[in-house]
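The values are calculated or read from the model by the stated rules, or taken from the named source; none is laboratory data. Worth saying up front: this structure is predicted, and the values here are computed from it rather than measured. Cβ coordinates were reconstructed from backbone atoms using ideal geometry, including for glycine residues, and neighbour counts include every protein chain displayed.
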Amino acid sequence: MAHSFDTDTEAQGLIDYVDASPTPFHACEQAARRLVAEGFTEVDERAAWPTEPGRRYLVRGGSLIAWDTTGAHGAGAGPAAGFRVVGAHTDSPNLRIKPNPDHSRAGWQLLGVEPYGGLILSSWLDRDLGLAGRVAVRGRDGVESRTFHGRDALLRVAQLAIHLDRTQNEALTLNKQAHMEPLWGVGDEPGDFVGYLAEQVGVDREDVLSWDVMTHPVQPSTRLGRSRELIAAPRLDNLATSYAGVRALLDAVATAPTHVPVLVLFDHEEIGSTSERGATSTLLPSVLERIVAAGGGTRDDYWRALASTVISSGDMGHATHPNYADRHEPMHTIRVNGGPVLKVNTNLRYATDSVGAAAFRLACEQAGVPMQTFVTRSDLPCGSTVGPVTSSLTGATTVDFGAAALSMHSTRELMGADDPAMYAGALSAFLAPV
């Protein structure tokens, strides 16, 4: 039976996780730290894997997958029991640093950036921004990757004064190339971005080879509302699901589940998932097959295991916005602090069908939490998730779900403070059904 989760503990845990995870690389590091503390060990994709049951994980860039085969059946029973998989993603829309970013204009030092994903451009204006990411450096034995998290306010994308454009309150237009470059110093000469990176990762300037560096708002996440019933934070889409998934896996493995519980956190969902570590990659199917093989199973056993597998794809859902209620389906009002959100789309932008929906409803009942159902208005386009991709790659029953939020893809999103605990409880019950 899944355990209950304390509301305040999970809300603060999510805040801590988000603030420590400005990039997908950090989100995986933070998840791995929590897994290791509970007995998980890392495996290398390039090496042979242990054949004895165990709790294991691997990291592929900004993606992570973890599993436990020490339960009542373990990997050897894969064909009979299959897998229960919780999927989420680690990336969020932001501004990412270009390869040759340094330049100056009108006495300001600027950095060239490229928007990543479907960000709300206006939400990045007049925010105090930091830098974080992964840097490839020259090491003693070849190329090494090092992460850094710059917590200081370093950058700002300055808004144009109202006096210079009186129309912007009615029709703000932002050009991604011309209007979104952050300033980070004063002077006619360009700054030294490579020198900054060298300082952050502790190498000589000439040893910086390349980077995956992105901006992040440095304002800490917080509880708000008269009763502190809300959480305001960056990257809730989709770190709220990543965190709930980690918490759920750690809870579920303590119950000796009859299925093999799996957590997979994908990078690059916000740009289509088509990468070596995105949801369209070999990451999930190859790991599932190797789990079966490590337990002595054959390729036929693997396909039999998939036939008994159920996947849940977690991504944030739109709460009904009080100022824009006409943008929502009127018969499917979604509330923050109202429990997990089942996501349905008849054109399969979400992977949910009746079988998957029933599995998730039973998980919510087992966890003792309410469930809501989200449908997009018929006259508006519907977003998508990793659900349809993983469903098509594995042939497994898949259900899409989320937690309710406002301001999705803004630099600062809003969700209910009660929802992280209910979210984790439902996912734990999904991973370890009774």
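Within region 203-223, is even one residue buried (at least 20 other Cβ atoms within 10 Å of the Cβ), touching a Leu at 6+ places or on another chain (Cβ under 9 Å) and under 18 Å from Glu10 (Cβ atoms)?
Yes, some residue in region 203-223 is buried (at least 20 other Cβ atoms within 10 Å of the Cβ), touching a Leu at 6+ places or on another chain (Cβ under 9 Å) and under 18 Å from Glu10 (Cβ atoms).
Looking at Thr298, is it surrounded by fewer than 22 Cβ atoms within 10 Å (Cβ to Cβ) and within 27 Å of Gly245 (Cα to Cα)?
no
Pull up region 42-62, narrow it to residues that are among the acidic types (Asp, Glu) and within 25 Å of the chain's Cα centre (by Cα), then point me to the one that is farthest from Arg277 (Cα to Cα).
Restricting to residues being among the acidic types (Asp, Glu) and within 25 Å of the chain's Cα centre (by Cα), the top hit is Glu42.
If Pro257 meets every condition in (1) modelled with pLDDT of 95 or more; (2) not in a strand (DSSP E or B) apart from one, which number is that one?
(1)
Among the residues of region 327-339, count how many are out of contact with any Leu (no Cβ under 8 Å at 6 or more places or on another chain) and at pLDDT 95 or above.
Final tally of qualifying residues: 6.
Which members of region 231-254 meet the condition of being more than 19 Å from Val434 (Cα to Cα) and either in a helix (DSSP H, G or I) or among the hydroxyl-bearing types (Ser, Thr, Tyr) (or both)?
Leu236, Asp237, Asn238, Leu239, Ala240, Thr241, Ser242, Tyr243, Ala244, Val246
Tell me which strands (runs of 3 or more DSSP E) are completely within region 24-124 and hold 2 or more residues being out of contact with any Cys (no Cβ under 9 Å at 6 or more places or on another chain) and among the polar types (S, T, N, Q), or say none if there are none.
94-105
One line per residue, one yes/no per condition, for (1) out of contact with any Cys (no Cβ under 8 Å at 6 or more places or on another chain); (2) more than 17 Å from Thr373 (Cβ to Cβ); (3) part of a loop (DSSP other than H, G, I, E, B); (4) in contact (Cβ under 8 Å) with a residue 24 or more places away in the chain:
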| site | (1), (2), (3), (4) |
| --- | --- |
| Ile311 | yes, yes, no, yes |
| Pro322 | yes, yes, yes, no |
| Ile334 | yes, no, yes, yes |
| Asn345 | no, no, yes, yes |
| Thr352 | yes, no, yes, yes |
| Ala357 | yes, no, no, yes |
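Does region 277-297 hold any residues that are part of a loop (DSSP other than H, G, I, E, B) and touching a helix residue (DSSP H, G or I) at 6+ places or on another chain (Cβ under 8 Å), and which are they?
Passing the criteria: Arg277, Gly278, Ala279, Thr280, Gly295, Gly296, Gly297.
Are any of the residues in region 158-175 aliphatic (A, V, I, L, M) and in contact (Cβ under 8 Å) with a residue 60 or more places away in the chain?
No: zero hits.
For region 389-432, how many residues meet the condition of being touching a residue at least 60 places away in the same chain (Cβ under 8 Å) and not in a strand (DSSP E or B)?
30
Of the residues Glu199, Glu189, Glu144, which is surrounded by fewer than 16 Cβ atoms within 10 Å (Cβ to Cβ), on the phi < 0 side of the Ramachandran plot and assigned to a helix (DSSP H, G or I)?
Glu199
Please determine whether any residue of region 179-186 is at pLDDT 95 or above, buried (at least 21 other Cβ atoms within 10 Å of the Cβ) and among the charged types (D, E, K, R).
Yes, because at least one residue in region 179-186 is at pLDDT 95 or above, buried (at least 21 other Cβ atoms within 10 Å of the Cβ) and among the charged types (D, E, K, R).
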